[in-house]
Each structure stands twice: as structure tokens, then as C-alpha cells.
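Notes to accompany the following structure.
What follows is calculated from the coordinates using simple rules that are stated; it is not laboratory data. Note that the structure is a prediction, hence the values are computed from the model and not measured. Don't worry about glycine lacking a Cβ; one is built from the backbone with ideal geometry, like all the others, and counts go over all protein chains shown.
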Amino acid sequence: MSPVRRLATALALVSALWVVAAPAPSALAETTLKVVMHSDLKIVDPIWTTAYIVRNHGYMVYDTLFAMDAKGEIKPQMVDRYEVSADKLTYTMTLRDGLLWHDGTPVTAEDCVASIKRWGAKDSMGQKMMAFVKELQVVNPKTFRIVLKAPTGLVLGALGKPSSNVPFMMPKRVAETDPNKQISDFIGSGPFVFKKEEWKPGDKAVYVKFDRYKPRPEPASGLAGGKVVKVDRVEWKAIPDHQTAINALLAGEVDYLESPPHDLYPVLKQDANVRLVTLNPLGNQYTFRFNTLYKPFDNAKVRQAVFYAFNQEDFLKAVIGDPAYYKTCKSFFPCGSPLATTKGMDGLLESNVEKARGLLKEAGYDGTPVILMHSTDLAVLANLAPVAKALMERAGFKVDMHSMDWQTLVSRRSKKDPPDKGGWNAFLTSWVAGDILNPVMMGFMNASCDKAMFGWPCDKEIESLRDQFARETDPAKQKAIAEAVQVRETHYPTHLPLGQWYGAVAARKNVTGMIEAPVTVFWNVEKKGR
């Protein structure tokens, strides 16, 4: 054999061996996005709780009939087409072709009707919408009707509401679970499949691309449009220490931080491989929530005293610090949104200690301690309760602050037990602006007694005004009703608005395609190399 022939043979043999040893193309192609979310995932039923980490989980696994786009408009999502009768009493909705549950079975109208019923029993806006519903009718496997008793403009807005509780569609067998009990079957029809066997609270939650998901043809916009998944796997890593999470991002061990602390933004800005991106331009609102079932907050005058004792600046400085990322806003509805108003708020939230003390005296406050739940593990909440405690004590309250992680707080706040028997009197949290744009949408404004959210306020006047808002379609008249609700809130407080704040996600620069929306979502997100 000639030297040239021998060389050619040797090269062919090496090439063949390389082909045998080379990894399969599919293994090379798998892309894993590693994320640190704002909280660990311990609860996985987005109807049972309003906790945002569970809502975020819901958007991974489930889909919605309608969704809000980047302009705030409600668009069809799972629905292909819908019709509204001339008398505005019947909505007929037909599902898109190709919708499948993760077990391969088709999504049906029966599934959607059952899901609407479960969500409507739990969610504040859903409850109000269902008060107008006469009947939910299944027409055929892909079509159902919502028949109303009276016209309301709530139907599409409620079914397309962007945040907690989101009307996620679930299989009928799952949706028939009592809304006050957590589900145990996590099959959805959304763009990702939840890997239950890999879920380890305190360590990680894992989602993989649902290959049979059929995105809408429109480009992604807000929470609407095509949910095109561009990674194979998403891992939510539980790293409770913020500095450790930052170090992991800087080292490239994780790709994305949902909620880095504001005081560490300068560190992130110094790294050329990391960028900060604001995805929720309308921001968030801090709130103080009362439990109206027990002393001392069963007395509206005592709750008014807190209104006078607090000021927003102290809370915002203690948690956010940088004025570039917060602003005071004496409105229950987000500043920058159509219904924002300062009506009725003169003199409130200005730390008028003498006024607060006077109201406590008028109310006959007897020193009953306020059990104040304090979330310690979320940077954007951790400093709120200590500020509230200090301001309340200045006004004459006795405060017993109980510290715990956020998931424990989420579980405890659902309990109606007396405060000295494992219950609570108050806690602080944050709402995305997209959750509180009007009196019907705002969960904490629901004052329907036992049907209200944890805290269980009970006020016929607030509920009457919310009903009026639900029936009204004229924006000017809606504005007047919203102002009236706010004024009533100053006499019968269900919660207190403590200012607006803004945040950014931190991501490696090889991560692109993040969606501007009030919720952190992972469709359209792409990761290329390191």
C-alpha cells in the first residue's frame, strides 16, 4: 500500500472512531437555564394561595384562556375565538386546535368550566365575576358558554387578569378539588412540564420544555401572544443567602436572579458579563394587612390609628434605600395608572403620632398585643415589619413581632385561629401594580367577610361600591366609584398602601429575550453559550 493510501486509511479510521465516541446531537443541544427566584417553592397550587412564587410556577405549567399584553389589553390565549351576544349576557368561547395536557390528552371545554368554577370560588375578582354568572354551559368538547344574570364588563378582564389568583386552566379531575385544599396532581397544558420527582423544597424545582405545546402565532407581548420556549430545561435554584446568589451569578454558576437586593445593584453593575433589566415598569406597592377578626384590629378606629402612625418614606428607605427605585404614593391604586387618586388621603400616612394616640384612646385600646408576622428571607420584605413595629409602638401600640420565612408566613396567614393560638393580627407584603389596578381586581379590597382574603374584612359599603364598579363601563364613572371606595377605606381600612417600588432582574449577558410583564416568565428566553 502506498504511503498516501496508508495515510488516507488511518485518517478514515480516526474519523470513524470520533463519530462513535462523539456525544449524540440531542445531548449537545440541551440548554439549561439556572435561575434563583425571589423565594423557595414549597406550595404548588396557584389557586390555593396568592403567593407570587406559586403564581410564577403556575405560568410555567398552566395556560390561560385570555392574557394581558404589554399595552394592558386583554387578548385570547387558549381561546381561538369568542362571541358576545347582542344583549351582553352570553359569552361563547371556542378553544384553539392542538391544546394538550402534559399527559397527551386534549384540553376540553369541561376542563375549562371546572377550572373557572374553582378559581371563581377563591379569587377576589373571580368571586365578583361569578356573582354575575347564571350558568356555565359546555356546548361541545371545544366550546363553552358563560351566561350572565346581568351585563358586566368583568368577564374578559377577570379571565385575563395577569396576577394572583390567575385563572389557570387545569384538568377537570384536578379542578374539582376543593379550592380550600391543595391539589396533588400537577399536570397542566402550559409551555413547561413540572418535574415533580426532581422537586426538592430548599434545593430546586425543575421544569422541562413541553415539546407538544402549540404556541399562538402572534409575537409574545406581556403575558399574551406566542409562548415559544427556547431552552430545554429551567432549574429554580434555592439560594436563600443573597450574597451567595450574587456570587453564583458573577461566577456563571447561575444565569439569572429574579430579585437581587437593591443594595447589591452596584456590585452587579461592575461586572461586564451581567446586566440589570427592569421588566415591570409600573412597579409594585407595599401594603400592611390587618386581620379584622380579632382584637385590636376588629375595631376600625384602631386600624385608623395605624393609618396616622405610619409614613411611607420610612418603609421605602428601610427596604429599597435608593430613591431612584421608589416613590411615595398616597393612593390605593398605583400612581401612573388610570385610577390613581389622593382623594380622602389628606393627613394620613404622615406619622401623626398625637392623632394616632388620640384614636387609640377613643377606641378604648387596652394594650392587646399586635402579633405582627415578619418575613425574614426576602430582601424586598425583610425590613418592613421592624419599621412597622417601631412606628406603631411610638403611637402607643404593644407589638409582638414573630419572625419567620415567607413560606411559613404564607401558610400561617390563611389560619383563622386566635392570634395567641397560632394566628396573627397583621403582616406586610407587596403587590405588583398589575394586581391592584381597580377595586374589583384588588384582592385586599374584597370586604365580603368569610369570602374575603385572609384578614377577612366585612363591610357592606365597600362591597356595594365594588358591585357598582363591576356594572359600570363608563371610565369617568368608574373613576368616581374608585375614589369613593378609597374614601371608604379611610374609615374602614382593610389594608394600608405604603408606597411604590421598582426592581430589576439580573442576568448573564448571554441570556436574552426576557419579557416585559408584571410576572417573571421564561418563554421566549434564550441562552447562548456562557
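Relative to the longest principal axis of the Cα atoms of the chain, the long axis of helix 3-21 makes an angle of roughly 30 degrees. Between Asp417 and Val139, full extension at 0.36 nm per residue minus the direct alpha carbon distance yields a gain of 95.7 nm.
Express in whole angstrom the spacing between the alpha-carbon centres of segment 113-130 and segment 477-522. Cα centroid of segment 113-130 versus Cα centroid of segment 477-522: 22 Å apart. Work from the charge dipole of segment 359-432 (Cβ charges, +1 for Lys and Arg, -1 for Asp and Glu, about the Cα centre) and give the residue of Gly396, Asn425, Pro369 farthest towards its positive end. Final value for the positive-end residue is Asn425. With the simple model of a label 7 Å out from the Cα in the direction of the Cβ, Thr342 to Asp474 spans 2.8 nm.
The simple spin-label model puts a point 7 Å past each Cα toward its Cβ; for Gln270 and Lys460 those points are separated by 6.3 nm.
One Cα centroid belongs to segment 312-386, the other to segment 182-256; the line between them spans 34 Å.
Put simply, when 426-432, 357-363 are sorted by average Cβ atoms within 10 angstrom per residue, most first, you get 426-432, 357-363. In segment 270-360, the C-alpha radius of gyration followed by the widest Cα-Cα span (Dmax) gives 16.8, 56 angstrom.
Does segment 160-215 classify as rounded, prolate or oblate by the C-alpha gyration tensor (a ≥ b ≥ c root eigenvalues; a/c under 1.5 gives rounded; else a/b over b/c gives prolate, otherwise oblate)? The shape class here is oblate. Each Cα pair under 8 Å and six or more residues apart adds its separation to the average, and for the chain the resulting relative contact order is 19 percent.
Sort segment 284-501 into rounded, prolate or oblate with this rule: let a ≥ b ≥ c be the square roots of the eigenvalues of the Cα gyration tensor; rounded if a/c is under 1.5, and if a/c is not under 1.5, prolate when a/b is larger than b/c, oblate otherwise. Note, shape of segment 284-501 comes out rounded.
Take every DSSP beta bridge whose two residues both sit in segment 284-501; close to 65 percent of them are antiparallel. The lysines within cross-link reach of Lys398, meaning a Cα-to-Cα straight distance under 23 Å and a gap of 8 or more places when in the same chain, are Lys295, Lys301, Lys355, Lys361, Lys389, Lys415, Lys416, Lys421. Above 41 Å, the calculated P(r) of the chain contains 24 percent of its Cα-Cα pairs. Most tightly packed first, judged by the mean number of other beta-carbon atoms within 10 Å of their residues, the peptides 342-348, 153-159 read 153-159, 342-348. Roughly how many Å is it from the Cα centre of segment 268-285 to that of segment 435-476, as a whole number? After rounding, the separation between the Cα centres reads 33 Å. Distance between the 7 Å Cα→Cβ label points at Lys71 and Ala363: 4.6 nm. Calculated mean residue ellipticity at 222 nm for the chain: -8500 deg cm²/dmol, from DSSP H runs with n ≥ 4 weighted as -39500 (n - 2.57), summed, divided by the residue count and rounded to 500. From largest to smallest, the equivalent ellipsoid semi-axes obtained for segment 40-183 from the alpha-carbon gyration tensor read 22, 17, 15 Å. When +1 charges are put on Lys and Arg Cβ atoms and -1 charges on Asp and Glu Cβ atoms, the dipole computed for the chain relative to its Cα centre reaches about 680 debye. What do you get for the angle between helix 109-122 and the principal long axis of the chain? Use alpha-carbon atoms, 0 to 90 degrees, nearest ten. It is inclined by approximately 40 degrees. Cα axis of helix 52-61 to longest principal axis of the chain: angle in degrees, 0 to 90, nearest 10? In the chain, helix 52-61 runs at an angle near 40 degrees to the longest axis. By the count of neighbouring beta-carbon atoms within 10 Å, fewest first, Leu282, Leu99 end up ordered Leu282, Leu99.
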